Structure formats: structure tokens, C-alpha cells
Amino acid sequence: MIRHVVKEVKRRDNLPLWQISAIIMIAIIFINILITESNRLQKHYAYIVSIAILLSSIVIFVYFLYKRLINYIYILDENVLIFKKGIREKDNIKLIVKEEELEWIKPFKESEKCRGIKKTYKFIFKKNKEKIYVGQFVRNQQKYRFLFEPGKKMKKALNLEPVHG
């Protein structure tokens, strides 16, 4: 028996090298200015503030690095639609939608607004409404929606695009 599985990985567009370099240089200059200004404090406070600035800079850097490296993974496994989020493919499953729960999937511009939605899951990077699709499903008598940007294979597998040829 052959299982039909379609898998897509959506990655954030990379910034050009000159933009990354400019951001890093500005951040280094800003941190240097903060530490220089903190040295005007009394000796004991200057050490504490300098260490706090460095630690907070590291935390902010790691946070933005994680945001740049994160991927969204869409998997259609037989009759189950799975959405994952993380740096690696084995990362957290954020949403599983079974075929019997799914009401519809439509392009963003064709979907109507509804006030009875409990939660909307977003698995997109860009706000380009031309490529975004909205899905609605019911679980425990509550309506939920998800936003995602399927590629050609996923659209064909979900019957969102007519099959040519």
C-alpha cells in the first residue's frame, strides 16, 4: 500500500549580505555607546549595568537569529494536514487538521470574515495576499482558521488548483 505524502518547507527570504553587515555594525556601535555611557556611573553600578547590557544584547541577538532561521513545514499525509514550526524538521507540531474537521480552504481574497472564530493559526512569513490561503475547520464545536502559503504540489494535492495536462 502506497501512502500519498506531500511535504513543503517554507523558508524566510534571506537578507543581502550588505544589510546583515549594516545591522551588525549598527548594533555593535549602539552597544558600545551604551557601555561607554554606563562607565560614567559609580564603579560598582558600571560593572552591573555593563554586564546587563551584554547579556540583554546576547538574548536579543539569539531571538532575532531564531526568527531568521525558523521554517514552516506543511505536510499532507493521506487525509491529515500537519503544520510544523521550527529550525529543524523534527521541531514542534503546531497544528494537525484531519479531513473530517476541515470545512474549506480558499484563497485569502475569497474568504469571508467571520466573528465566530476562536483562533487563527498563522504559518506565513509575508503578507502577500495573492499567495495566501485560508483554511477553516471545526474542533469541539469551535471554529478555527489557519493561514498558509502552499506551493504547486500542495495546491494540487489539496485540489486548490486545476490539474493541467
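Read-outs throughout are calculated quantities, based only on the coordinates presented, and are distinct from any laboratory measurement. A quick note: this is a predicted structure, and the numbers were derived from the prediction, not measured. Neighbour counts run over all protein chains shown; Cβ positions are idealised from the backbone, glycine included.
The distance between label points at Ser57 and Lys119 comes to 3.8 nm (points 7 Å beyond Cα on the Cα→Cβ vector).
Could you give the length gained on full extension between His44 and Lys106, defined as 0.36 nm per residue of separation minus the Cα-Cα distance, in nm?
Numbers: separation 62, 0.36 × 62 = 22.32 nm, distance 6.07 nm.
Taking 0.36 nm per residue and subtracting the Cα distance, the gain is 16.2 nm.
Among 105-118, 132-145, the peptide with the highest mean count of other Cβ atoms within 10 Å heads the list, and the full ranking is 132-145, 105-118. Which one is right for this structure if Cα extents along the principal axes in Å is calculated from it: (1) 47, 36, 26; (2) 71, 39, 35; (3) 55, 35, 25? Correct label is (2).
Taking 0.36 nm per residue of separation and subtracting the Cα-Cα distance, what length does fully extending Ile70 through Asn14 add?
Difference between extended and current length: 19.0 nm.
What do you get for the angle between helix 43-69 and the principal long axis of the chain? Use alpha-carbon atoms, 0 to 90 degrees, nearest ten. Roughly 20 degrees between the two axes. Estimated from helical segments only, the mean residue ellipticity of the chain at 222 nm is -11500 deg cm²/dmol, where each DSSP H run of four or more residues counts as -39500 (n - 2.57).
What are the residues whose amide H is under 5 Å from the amide H of Lys143, where those residues sit 5 or more places off or on another chain and H is modelled from the backbone? For Lys143, whose amide H was placed from the backbone, the distant partners under 5 Å are Lys118. The distance between label points at Ile26 and Lys98 comes to 4.9 nm (points 7 Å beyond Cα on the Cα→Cβ vector). The stretch between Lys143 and Thr36, if pulled fully straight at 0.36 nm per residue, gains 33.1 nm over its current Cα-Cα span.
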